[in-house]
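Here's the structure, in C-alpha cells; my notes come after.
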Amino acid sequence: MSNTDILPNWEKLVKKQLKTEDIYPILEKENLEGIVVRPFYTEVQKPLVNLPRVEESTHLVARYHESLEEEVFAFILDQNVENLEEKTIFVNNKELAGHISPKEEDQYFSLIDIFDEKNGTIDDQLAKELLAKEFKRSICVDISLHQNAGAAIYQQLGIALAKTKELVEAYGADILNKLIFKIAVGGNYFFEMAKLRAFKVVFNQLSKEYGLNEVPYIFAETSLRNKAVSDNENNLIRSTLELASAMIAGADAVFTNNYLVEKSTDNSEEISFKQQIVLAYESIINVFEDASNGSYYVEDITRQIAEKSWALFVEIEDAGGYLELLKQGIIQKKIYEHAVQEQQWIEEGKIKLIGVNLYPKLDVKKSIEDLYNAKEIKAVRWAEMFE
C-alpha cells in the first residue's frame, strides 16, 4: 500500500474524530523556536547524507575519581593526576593545562573557553598557549552557557558559528580542526537531536567557505536548565533522555552533569556516569554515526534549524561580528528575550516540568525580573522560579 492510499484514510479518520474539516491548526504543536512541526510526514524535502562525526564511537566521559580509573576510558580533569596513560583526558582547568606536555600517544582535549563573554574579548595569550600544547583539540567553543541561559536552539548554533568566525579571523582557517564545541543538550528530545545534526551541517558549510571540509568535534553535556533541586529522580530521567538524544545525534563525547544539581556525592557521580554505561552497552546507541538519518520528522526539523541558525550567523556577521555585538549588549538582549519568553511558558504551564509546574510540589516564589538580566548571559534553571 502506498503513502497516497494511507493518507486520505488517515485524514478522514482524524476529521471524523475531531469533528472538523480543518484539522491542522488543532494538531500543530506550538514552539518558541519558530520551527514548523507537522502532525505527520510522508516525505522529506531535502534528504541529508549520513552526517559523520570525528570519533569512531561516542566517548563516555566521567569526572575523574580514583575509584573509576580501571573502568573509565575518558575523564574530565580539574587537577593533576599521574598514571593516566591510554586514557582520553578533557582538561577543564587552565592552570593544569599549562603544566601538561602531551606525548604523541596521549589523547588530550581542552574544555577551557578562551572567550570572555562579559567584556567581549578573546584571551589571546591563553589561546596561543593552548595551541602550542598540540592537544588533539586545543580550543573549546563553549555554547553550553547559552543553552543554560535560555538561548533558542538556532541562537546557540548561530552564536557557535559566529564565535568560530572570530577564531578563524584571529588565528587562520587551520584552527577549524583544533576546535571542540561544548554543547548543552536539553529535554526536547527530537529538537535536541536535530540541533546537533544541524550544527554538523552549518559548521561544514562554514568550513567550505575556507576551502575545507571539516566536521565539528561535539562534546555534549546534559542541561542544567530543566533540572530542579527538589526533584532528583525526575532529573535522573531527564538527563538520561538528553544523553540518548546526544548519542543518537552523533556526539563525539557525552558527559552527565550531576543530577543532584547543587550538591554532589560519590554515589551520585557514579550513578550519573552509569547512565551513559547503560545507554551505551545495553541500548548500543553510541556506535552509530547518524542513527536518526532517514527519519522524516528529524530530517525536516534539522533542515529548518540549520537554515535559521545560518541566517542568524549571517545577521551577526553583517552587524559587526560576535564580539562587537557582545560589547553592544545585543547578543545578551537576544538571549534574554527568548529566555524570558521561555520562563513565561514555564509559569503558564505551556512547557511542562513534572513536579514543578505539572503536579507541582512548589508555588511561584521568584518573578522573571528576579531571575533574568538583559545585560548578562547567565545560567538560570526554570525551577528556580519555584524554589
- Could you please tell me which pairs satisfy a Cβ distance under 7 Å, a separation of 6+ or placement on different chains, a first residue in region 157-177 that is farther than 23 Å from K133 by Cβ, and a second residue that is among the charged types (D, E, K, R)? L157/K195; A162/E317; K165/E317
- Output the residues belonging to region 312-324 that are open to solvent by 10 Å² or more (accessible area, probe 1.4 Å), in a loop (DSSP other than H, G, I, E, B) and closer than 23 Å to E33 by Cα. A319
- Where Y281 falls short, out of the listed (1) modelled with pLDDT under 95; (2) open to solvent by 60 Å² or more (accessible area, probe 1.4 Å); (3) more than 30 Å from M247 (Cβ to Cβ): (3)
- Which of the residues belonging to region 85-106 are under 22 Å from I277 (Cα atoms) and open to solvent by less than 20 Å² (accessible area, probe 1.4 Å)? T88, I89, F90, V91
- From the option list K195, K200, K182, single residue qualifying as within 15 Å of the chain's Cα centre (by Cα), basic (K, R) and outside any helix (DSSP H, G or I) is K182
- Task: May I ask you to say which residue of S245, S309 is open to solvent by less than 40 Å² (accessible area, probe 1.4 Å), small (G, A, S) and under 30 Å from N119 (Cα atoms)?
- Result: S309
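Listed here are the residues, each with its yes/no results for (1) more than 16 Å from S309 (Cα to Cα); (2) among the β-branched types (V, I, T); (3) open to solvent by less than 10 Å² (accessible area, probe 1.4 Å).
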site: G120; (1), (2), (3): yes, no, yes
site: K128; (1), (2), (3): yes, no, no
site: E134; (1), (2), (3): yes, no, no
site: Q155; (1), (2), (3): no, no, no
site: A162; (1), (2), (3): no, no, yes
site: E166; (1), (2), (3): yes, no, no
site: Y171; (1), (2), (3): yes, no, no
site: L176; (1), (2), (3): yes, no, yes
site: K182; (1), (2), (3): yes, no, no
- Boolean, K334 is farther than 25 Å from I143 by Cα and not small (G, A, S): no
- Complete set of residues in region 92-119 that are among the aliphatic types (A, V, I, L, M) and at pLDDT below 95: L96, A97, I100
- Query: Which pairs do you get when a residue that is over 22 Å from H146 (Cβ atoms), found in region 291-320, comes within reach of a residue that is open to solvent by 20 Å² or more (accessible area, probe 1.4 Å) and part of a helix (DSSP H, G or I), reach meaning Cβ atoms under 6 angstrom, with the pair 6+ apart or on two chains?
  - Reply: A291/I248; S292/I248; V298/F190
- Flag for A198 being out of contact with any Phe, Trp or Tyr (no Cβ under 6 Å at 6 or more places or on another chain), in contact (Cβ under 8 Å) with a residue 40 or more places away in the chain, among the aliphatic types (A, V, I, L, M) and buried (at least 21 other Cβ atoms within 10 Å of the Cβ): yes
- Query: So how many residues does region 293-303 have that are polar (S, T, N, Q), within 18 Å of F203 (Cβ to Cβ) and surrounded by fewer than 21 Cβ atoms within 10 Å (Cβ to Cβ)?
  - Reply: 1
- Query: Can E169 be described as acidic (D, E) and either more than 27 Å from R225 (Cα to Cα) or in contact with a Ser or Thr (Cβ under 7 Å, 6 or more places away or on another chain) (or both)?
  - Reply: yes
- V356 vs. criteria hydrophobic (A, V, I, L, M, F, W, C) and modelled with pLDDT of 90 or more: no
- Message: I'm trying to understand the selection: among the residues of region 10-35, which are within 28 Å of the chain's Cα centre (by Cα) and open to solvent by 90 Å² or more (accessible area, probe 1.4 Å)?
- Response: E28, K29, E30
- Would you please list the contacts, defined by Cβ atoms under 8 Å and residues six or more apart or on different chains, that run from a residue in region 365-381 that is closer than 18 Å to I143 by Cβ to a residue that is charged (D, E, K, R) and open to solvent by less than 70 Å² (accessible area, probe 1.4 Å)? I377/E117; A379/R225; V380/R225; R381/R225; R381/K227
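The values are calculated or read from the model by the stated rules, or taken from the named source; none is laboratory data. Worth saying up front: this structure is predicted, and the values here are computed from it rather than measured. In this analysis, Cβ positions are derived from the backbone assuming ideal geometry, glycine residues included, and neighbour counts consider all displayed protein chains. Quick note on the areas: whole protein, heavy atoms, side chains included, nothing else; ligands and nucleic acids left out. Shrake-Rupley method; radii C 1.70, N 1.55, O 1.52, S 1.80 Å.
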